[in-house]
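A short worksheet on the structure shown next.
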There are 2 protein chains.
Amino acid sequence: MTGLPRRRLLGFAGAGVALAGAGAAVGALSSSRPSSDQVRLTGAEAVPFHGEHQAGITTPAQDRMHFVALDVTTTKRAELVSLLQEWTEAARRMTAGQEAAEGGAVGGNAQAPPKDTGEALDLPPSALTLTIGFGPSLFDERFGLAGSKPAKLIDLPRFPGDDLDERRTGGDLCVQACANDPQVAVHAIRNLVRIGFGRVSVRWSQLGFGRTSSTSTAQATPRNLFGFKDGTNNVKAEDGDALREHVWVAPGDGPDWLVGGTYLVARRIRMHVEIWDRTSLAEQEQIVGRTKGVGAPLGQVAEFDPVDLHVKGKGGLPVIGATAHVRLASAEHLGGVRVLRRGYNFTDGSDGLGHLDAGLFFLCFNRDTGKQFVPMQAALAAGDKMMEYLEHNGSGHFAVPPGVREGGFWGDTLFT
Amino acid sequence: MTGLPRRRLLGFAGAGVALAGAGAAVGALSSSRPSSDQVRLTGAEAVPFHGEHQAGITTPAQDRMHFVALDVTTTKRAELVSLLQEWTEAARRMTAGQEAAEGGAVGGNAQAPPKDTGEALDLPPSALTLTIGFGPSLFDERFGLAGSKPAKLIDLPRFPGDDLDERRTGGDLCVQACANDPQVAVHAIRNLVRIGFGRVSVRWSQLGFGRTSSTSTAQATPRNLFGFKDGTNNVKAEDGDALREHVWVAPGDGPDWLVGGTYLVARRIRMHVEIWDRTSLAEQEQIVGRTKGVGAPLGQVAEFDPVDLHVKGKGGLPVIGATAHVRLASAEHLGGVRVLRRGYNFTDGSDGLGHLDAGLFFLCFNRDTGKQFVPMQAALAAGDKMMEYLEHNGSGHFAVPPGVREGGFWGDTLFT
């Protein structure tokens, strides 16, 4: 099995062709934008690992996600570097649909632990992307990185209403795995953790079962667990100017090693869905600032009609109220600030008090968290009526290095 | 929107046709059994709700699951009955791809809470099934059901090694939602919980991201988080004799109201994957009793070769060892006992000790738990070497009433 793709190539290639055809057929029958089903159906292929930027940021958001934050347990810089090199090789292989290492689950020495855990055998690449980030704590004295710490890799301030659980917060490193098959995403994280044994340990992790944002104009806007379309006005992969302005670290922004990278903010947001569900439709729409059905901004007709914060309704009051989520989160309200969102719905059992523990795992990428995410979240935390239904209980901030060149490794611009 | 399917019918019908074509094309290119991808691709359709038995038992196992156990908080029998009637109507609609009630998320009175939470708008039925069960505690004095309690609805004994968490154990009621889209499964459970507000509360719940058993000969065998194919010798939907013998409650078995029903056992089994991953391939295969690659019984060649417990290897010892999982779980070893398994892989974040909290949510259906699941689990708990890597920390036992007739409701044979 050495070196062979983990999946049966003929079957997969055949499926790819057939699926592309199916997508085209659906497209011809349905109107305008593709449904989320079509996106899923064409999602078995591999996403290139190498590039100027890491994949998993502007990649059309896959349906499922497994995110992990880790603590580095070794204190040796050389061991951290070799881990990043081993991880990169494994990531290069797994995103291509191969096993984590040569030999894999069953092709190696039977007297040794397998080089792959095996649960993704026979599954296609499923658009797996793996995206690494470095937390503020990585730049302490342990690895000689203090001088390379980006000034913008701040400790996030405490926002009004934050109820952070230390067991879901922070981390020296993070890896975001996104794929259209959750088994493929879980397999990837699990194998990276396995490879890291003795050098890193899991600090916290989160499974996201359904995407809540589109990152491409080719994707339909999915719905969050409040039942609303989420991320209609997201920064999209097709808008290169917006990506340059709001997402990618540019020369002169901060340390040179981070050019082409970005900053990732993760927030675990419990949504008190049981309370929300007892709120009237009219109130829900006032809180969001959009209609629930088609997702049009209040005062408009269609989902992608521009948000107009100045439309007046009865009594001369704005149709989109002062505390509406879309107003407070809008670029207009925030002086032009935007972020690229990439969140996922989650449900993690129950809370022991008779309710589901469900919500939104918010992930966003921005060029300067202190000037983008922080003022946005500060405005929402202070004024958004939706906050009554939310509980921010996990948080992380990570510098996301640029993409890996052929032969390079994750973070090589920082470590070499 | 009243009364209309929640999803755009034309688009969905078109997708169905195209997908069937895609499946056929893949089938023609690949060898022998279908891959799990094909099954997924043809999984957007609706599964009939009515029938002799409840759906979700012999239905080809869908890819995703959300399971909930609930406590009944009302003490009024009439309120419990009307809840079951409302739930049945909602289940009938949601499994058909409609919203939970007429009016739905946006078609009702805007000044009232919506009749559907909305997050499955635009999603196809996704083979959603909803399967209800009644726990032993439902048959106490509260609802006048003590005289109707099935003698076989036992409290499960404590098995060696059990480490049950009270917060993941028991329940007056359970609902298993299975679908090929997790958002559809989560939506269904969430709406049943919403409808039950004031009458039931969530006791525990579990999301399963990937199926670990096939329940149809048309499905490929999936892999569990130990990387092995799981459930090769499962009772399959196509084997009517085995279903009659091992799954369905027959006249004379117990209370008449349960004829056509079955018993559900749920076990949350944490798998210590980090320890397993440091075990050699040879040892893993000895523990399971099958090869990891193709899943053949040790001493055989192909996955579906019959397990032969008598093949001798070096030194005259059985190739399938005395403590191998397949031996202890085999019908031969257990005097003919079999169960229909329907489990799911899960991962629920981390354990706070540096490891993933991942494993198998074991679900099985059998005709007499005391004579089937209990001796099987007792044999495994006492002798299975795999137990060193497992931790049973959640458990439930439920009587699953028969299928609902047109106009009937869940449990009507018990309550009327």
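The values are calculated or read from the model by the stated rules, or taken from the named source; none is laboratory data. Computed from a predicted model, the values in this text were never measured in an experiment. No Cβ is skipped: glycine too gets one built from the backbone with ideal geometry, and neighbour counts run over all protein chains shown. We work out accessible area using only protein heavy atoms, side chains counted, and drop any ligands, DNA or RNA first. Shrake-Rupley method; radii C 1.70, N 1.55, O 1.52, S 1.80 Å.
Quick notes on this structure:
- Charge dipole magnitude, Cβ of K and R +1, D and E -1 - the protein assembly as shown, Cα centre, debye nearest 20: 360
- Pairwise label distance in nanometres, A:Asp155 with B:Ala331, each label 7 Å out on the Cα-Cβ vector: 6.3
- At R0 = 60 Å, FRET efficiency that the Cβ-Cβ distance of A:Phe304 and B:Ala378 yields, to 0.05: 0.50
- Normalised by 2.2 N^0.38 Å, where N is the number of residues, the alpha-carbon radius of gyration of the stretch A:253-335 equals 1.44.
- Solution diffusion estimate, µm²/s, Stokes-Einstein, the stretch A:314-416, Kirkwood Rh from C-alpha pairs, 10 °C, viscosity 1.306 mPa s: 95
- Other copies of A:Glu141: label-to-label distances in nm, shortest first, labels 7 Å along the beta-carbon direction: 6.8
- Rel. contact order, % - alpha carbon contacts under 8 angstrom, at least six apart, chain B: 23
- Listed residue (B:Gly133, A:Phe143, A:Thr232) projecting farthest to the positive dipole end of the protein assembly as shown, Cβ model: A:Thr232
- In this structure the stretch A:194-262 gives 30 Å² per residue of accessible area when probed at 1.4 Å with all protein chains present.
- Surface burial for B against A, with a 1.4 Å probe and both sides summed, reaches about 6000 Å² of accessible area.
- Top of B:Glu285, B:Glu79, B:Glu406 by mean-square fluctuation, Gaussian network on chain B, Cα under 10 Å: B:Glu406
- Accessible carbon and sulfur surface of chain A relative to its total accessible area, %, 1.4 Å: 56
- Here the simple spin-label model places points 7 Å from the Cα toward Cβ, and for B:Lys371 and A:Arg244 these points are separated by 7.6 nm.
- Estimated from the Cβ-Cβ distance and a Förster radius of 41 angstrom, the FRET efficiency linking B:Ala112 and B:Ser137 is about 0.75.
- Listed peptides A:157-166, B:112-121 by packing density, highest first (mean Cβ within 10 Å): B:112-121, A:157-166
- Across the copies of the chain, B:Glu166 has label points (7 Å from Cα along Cα→Cβ) spaced 2.6 nm apart, shortest distance listed first.
- Within a Gaussian network of chain B (alpha carbon springs, distance under 10 Å), most fluctuating of B:Leu309, B:Leu128, B:Leu317: B:Leu317
- Spatial separation of Cα centroids for the stretch B:80-129 and the stretch B:236-297, in angstrom: 33
- For the stretch A:274-416, accessible area per residue (1.4 Å probe, heavy atoms of protein chains only), Å²: 36
- Heavy atoms of B:Trp204: accessible area, 1.4 Å probe, square angstrom to 10: 0
- Using the alpha-carbon positions of the stretch A:104-185, Rg (one decimal) and Dmax (whole number) come out as 18.7, 55 Å.
- Other-copy label distances relative to B:Arg77, 7 angstrom Cα-Cβ extension, nm: 7.7
- Overall form of the protein assembly as shown per C-alpha gyration tensor (a/c, 1.5; a/b vs b/c): oblate
- Relative contact order (%) - criterion: Cα under 8 Å, at least six apart; region: the stretch A:231-281: 20
- In order through the stretch A:254-260: 3J(HN,Hα) via Karplus (6.51 cos²θ - 1.76 cosθ + 1.60), integer Hz, x for Gly, Pro: x, x, 4, 5, 9, 4, x
- Dipole magnitude for the stretch B:36-106: computed about the Cα centre from +1 point charges on Lys and Arg Cβ and -1 point charges on Asp and Glu Cβ, it is near 120 debye.
- Chain A - charge dipole about Cα centre, Lys and Arg +1 at Cβ, Asp and Glu -1, debye rounded to 20: 200
- Residue-averaged 222 nm ellipticity for chain A, from DSSP H runs of 4+ at -39500 (n - 2.57), nearest 500: -7000 deg cm²/dmol
- Ranking A:Ser350, A:Ser214 from most to least accessible surface, computed with a 1.4 Å probe over the protein chains only, gives A:Ser350, A:Ser214.
- Alpha-carbon Rg/Rh ratio, for chain A, with Rh computed the Kirkwood way: 0.97
- Note: relative contact order over the stretch A:273-410, using C-alpha pairs below 8 Å and six or more positions apart, is 19 percent.
- Here A:Val186 sits with roughly 10 square angstrom of accessible surface, probe radius 1.4 Å.
- Residues along the stretch B:51-73 losing 10 Å² or more of accessible surface when the other protein chains are present rather than the chain by itself (probe 1.4 Å): B:Arg64, B:His66
- Distances between placed amide hydrogens fall under 5 Å for B:Gly349 paired with A:Leu207, B:Asp357, all partners being 5 or more residues away or on another chain.
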